[in-house]
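Input: a single structure, listed below in structure tokens.
No lab work stands behind these numbers, since they all come straight from the coordinates. Bear in mind that the values here come from a model prediction, so they are computed numbers and not experimental data. Methodologically, a virtual Cβ is constructed for each residue, glycine included, from the backbone with ideal geometry; neighbour enumeration extends over all protein chains shown.
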Ligand SMILES: [Zn+2]
């Protein structure tokens, strides 16, 4: 038990018995856990548009409701970035920075997306680093993905440039074969989506990316690891001394492939990539988080909508947007399923959601309740219970994959750099309070 003193938005002391006489405000956290604010290292928040001027702000506000005080966004195609910047990673990043300035409720950073359509992203890596963009993600699949030659060149240049390369690891050839097979068999719904990209497809892509990183001597970060095979590939490389970091997501830890057996329209909400896996994979991921074979958990938030991207018009799975929302439920699912579920300790939860993302992705002022760090805190009631429902969320999606899930743990207050931004389900923050975080990563050294 200790008190936390906050001065000018930073933690000034953490010790028992700090005298309150000089304080301008005192927050009583009796009976609550005082956690560092959650860092969501993987989101695809949409940019504001004329039609939806609150789109970005609202998802940062939703994150705050969930206990997240920092998020990193990607600027991939589909997030609202204009077609005019398709040829340049730096131009895309600058547009993202321009269009989010002064809009966020919480602190935000950007991870660039490197595509196969950009002219010379390898040469642009140093300029990205200069903008404080210390991580960049490549997709090994999708029409905007990169081929292995480009991935290898990026990895080779990444250490000197100061940009950690993140990879969506799936095998393009296996995926294309899988898609063709499913469509030929008449399996064109969500079940076909899952079958077209089995664990072996993810494991193959993951292994190849790790192999390229090994050859080039670069660290590599695998996003959204969903299955035992891919986690095993990461663990094996680490045992060999390679610097490979692995992330997984709440949906792979709490849901399973049974979703694809639901009706076509219900299963549509589970069209994500990689797909949901058998429950044995889910159990393996928890074990890997528990013993440190995986490093962190992030939401992979995609604010798709039932009424738009996920509408069942009888279209084949190849024409359904891949993604599901999660920006507001990261802590709820991890605490409820993980800590209250007896799978990880609360200390490990803090590591996975705050300390590790801060350390790996270059946010030294974030991620721990320690003197000198930003006063980003979550006051969390571990004994209260809640049922997650769309009607109780604030994100810009119109569904949640966790509808009806009952979990232990409720966010009571959220403090961002010393300012209370959420209290008892009410938003008390300000649009534009959130700052852009220029990052540089230490793990490349
Ligand atoms: Zn993603």
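Here are some residues: 378, 422. Which one is in contact (Cβ under 8 Å) with a residue 24 or more places away in the chain and either in contact with a helix residue (DSSP H, G or I) (Cβ under 6 Å, 6 or more places away or on another chain) or more than 28 Å from residue 48 (Cβ to Cβ) (or both)? Quick ask: steps written out before the conclusion?
On the way: 378 fails: either in contact with a helix residue (DSSP H, G or I) (Cβ under 6 Å, 6 or more places away or on another chain) or more than 28 Å from residue 48 (Cβ to Cβ) (or both).
The conditions single out 422.
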Report, by residue number, each residue of region 327-348 that is free of Cβ contacts under 8 Å to residues at least 24 places away in the same chain and assigned to a helix (DSSP H, G or I).
347
If you go through region 397-424 one residue at a time, how many are part of a loop (DSSP other than H, G, I, E, B) and either over 14 Å from residue 66 (Cα atoms) or touching a strand residue (DSSP E or B) at 6+ places or on another chain (Cβ under 9 Å) (or both)?
11
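Can you work out which of the residues in region 134-154 that are within 16 Å of the ligand (Cβ to nearest atom) and in contact with a helix residue (DSSP H, G or I) (Cβ under 6 Å, 6 or more places away or on another chain) is nearest to residue 86 (Cα to Cα)?
Per the stated criteria, the residue is 138.
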Of all helices (runs of 4 or more DSSP H) fully inside region 186-258, the set with 2 or more residues that are over 19 Å from residue 323 (Cβ atoms) is 199-216, 228-239
Tally, over region 29-46, of residues that are away from the ligand (no atom under 16 Å from the Cβ), in contact (Cβ under 8 Å) with a residue 24 or more places away in the chain and not in a strand (DSSP E or B)
4
Which is touching a helix residue (DSSP H, G or I) at 6+ places or on another chain (Cβ under 8 Å) and outside any loop (DSSP other than H, G, I, E, B), of 64, 93?
93
If a residue has to be over 14 Å from residue 374 (Cβ atoms), in contact (Cβ under 8 Å) with a residue 12 or more places away in the chain and in a loop (DSSP other than H, G, I, E, B) to count, how many in region 425-437 make the cut?
5
Considering each residue of region 155-176, count those that are under 16 Å from residue 128 (Cα atoms), away from the ligand (no atom under 16 Å from the Cβ) and within 22 Å of the chain's Cα centre (by Cα), and give that number.
4
Can you find a residue that is surrounded by fewer than 22 Cβ atoms within 10 Å (Cβ to Cβ) and over 24 Å from residue 342 (Cβ atoms) anywhere in region 223-230?
yes
Over region 375-396, the set of residues surrounded by fewer than 18 Cβ atoms within 10 Å (Cβ to Cβ), outside any helix (DSSP H, G or I) and in contact with a strand residue (DSSP E or B) (Cβ under 9 Å, 6 or more places away or on another chain) is 381, 382, 383, 384, 385, 386, 387, 394
Checking the structure you have, find out if any residue of region 298-311 is buried (at least 19 other Cβ atoms within 10 Å of the Cβ) and farther than 19 Å from residue 45 by Cα.
no
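Residue-wise test of (1) within 16 Å of the ligand (Cβ to nearest atom); (2) surrounded by fewer than 21 Cβ atoms within 10 Å (Cβ to Cβ).
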position: 74; (1), (2): yes, no
position: 78; (1), (2): yes, yes
position: 122; (1), (2): no, yes
position: 126; (1), (2): no, yes
position: 131; (1), (2): no, yes
